[in-house]
Amino acid sequence: MSLNYIKNFYEGCLRPPTVIGQFHTLFFGSVRTFFLGVLGFAVYGNEALHFSCDPDKREINLYCYNQFRPITPQVFWALQLVTVLVPGALFHLYAACKNIDQEEILQRPVSTGFYIISVLLRIILEVLAFWLQSHLFGFLVDPVYMCDLSALAKIFNISKCMVPGHFEKTIFLSAMYTFTIITILLCIAEIFEILFRRLGYLNQPVT
C-alpha cells in the first residue's frame, strides 16, 4: 500500500464527507473518549479494591465481585468505541484503495451507498451496545448487592456486599447511555444529510 493510500485513509477517518460526520468525529468522538478515559478511570478504577462483602474475606470478595461485574464497564465501553469505529474505517480503507477523494464520495452512487451502509452498521452496533449495557449494568447501581455463594459450598448461600460510589456510578451510567443515544441520533441525521445532498438540497461541497 503506497503512502498516498495511507494519506487518503487517514484524512478520510479524520474528515468524513458530511458536516454531521465531521462533528461526530472531531468533537463528539473526542469528548466521549476523554470522558471514558479520564472520568471512567476515576469512577471505576479502584472499584474491585473497595468492594467488600460479609464476611469480609478475599475469596468471597473476589468471587462476588466477578459475579457483580462479569465484564468491567471500562472494558465494555472501550470495546464499544472500537467496534463502532470499524464500519467507518473499513469504508475509508475502501475509498483509499479506490483513490476516491472525500469530496467525490457523495458524488458517486456506489460509494454513497457503501457509506450509508457503514453509517447504518454504526447505528446497529450502537443499539446493540445500548441493549448489552442495560443487560449487564442496568440503569441504577444499588448500594447493596446480594451475592449468591451456593457454588462455593459455604454454610451460608447469600452474602451482602457493599458497592462503593454507587451514586456516582449511576450518574456515569446515565452519561454513557446519553452518549450512545446522541451518537445514534447523529448517525440518523447524517443519513438524512446524505440523502438531501444527493437530491440537490445540500449540494455545496464540505470545506
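The values are calculated or read from the model by the stated rules, or taken from the named source; none is laboratory data. All values reported here derive from a predicted model rather than from experimental measurement. Here Cβ is always computed from backbone atoms with ideal geometry, including for glycine, and neighbour counts include all displayed protein chains. The area values use the complete protein model at the heavy-atom level, side chains included, leaving out ligands, DNA and RNA. Shrake-Rupley method; radii C 1.70, N 1.55, O 1.52, S 1.80 Å.
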Exercise. Please list, ordered by first then second residue, the pairs with beta carbon atoms under 7 Å, 6 or more apart or interchain, first in segment 160-175 and at positive phi, second open to solvent by 90 Å² or more (accessible area, probe 1.4 Å) and not hydrophobic (A, V, I, L, M, F, W, C).
Key: none
Practice problem: Evaluate segment 18-41: report whether one residue or more is in contact with a Ser or Thr (Cβ under 7 Å, 6 or more places away or on another chain) and within 30 Å of S159 (Cα to Cα). | Solution: no
Quiz item: Residues A42, A129, A78: which one is at pLDDT 90 or above and either in contact with a helix residue (DSSP H, G or I) (Cβ under 8 Å, 6 or more places away or on another chain) or small (G, A, S) (or both)?
Solution: A129
Practice problem: List every residue pair whose Cβ atoms lie under 8 Å apart, where the two residues are 6 or more positions apart in sequence or sit on different chains, the first residue falls within segment 25-44 and is under 23 Å from E190 (Cα atoms), and the second residue, located anywhere, is open to solvent by 50 Å² or more (accessible area, probe 1.4 Å) and of a type in the set (A, V, I, L, M). | Solution: T25/L14; L26/L14; F28/I182
Quiz item: Looking at L149, is it of a type in the set (A, V, I, L, M), in contact with a strand residue (DSSP E or B) (Cβ under 9 Å, 6 or more places away or on another chain) and in contact (Cβ under 8 Å) with a residue 40 or more places away in the chain?
Solution: yes
Exercise. Check whether at least one residue in segment 105-123 is closer than 24 Å to K160 by Cα and either out of contact with any helix residue (DSSP H, G or I) (no Cβ under 6 Å at 6 or more places or on another chain) or in contact (Cβ under 8 Å) with a residue 40 or more places away in the chain (or both), and report yes or no.
Key: no
Practice problem: Please tell me if G165 is among the small types (G, A, S) and closer than 18 Å to Y65 by Cα. | Solution: yes
Quiz item: For segment 19-130, list the helices (runs of 4 or more DSSP H) that sit wholly inside it and hold at least 2 residues that are over 27 Å from I182 (Cα atoms) and open to solvent by 70 Å² or more (accessible area, probe 1.4 Å); which are they?
Solution: 47-50, 58-68
Practice problem: For segment 133-150, enumerate the residues that are more than 17 Å from Y44 (Cβ to Cβ) and assigned to a helix (DSSP H, G or I). | Solution: S134, H135, S150
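Return the residue satisfying two criteria in turn: it lies in segment 152-161 and is in contact with a strand residue (DSSP E or B) (Cβ under 7 Å, 6 or more places away or on another chain) and of a type outside the set (D, E, K, R), and of such residues it is modelled with the highest pLDDT. Quick ask: steps written out before the conclusion?
Kept after step one, since they are in contact with a strand residue (DSSP E or B) (Cβ under 7 Å, 6 or more places away or on another chain), are these residues of segment 152-161: 157-161.
Now drop any that are not of a type outside the set (D, E, K, R), which leaves 157-159, 161.
Values: N157: 79, I158: 82, S159: 84, C161: 90.
Out of the qualifying residues, it is C161.
Do we have S118 as more than 28 Å from N61 (Cα to Cα) and among the hydroxyl-bearing types (S, T, Y) here?
When the stated conditions are applied, S118 passes them.
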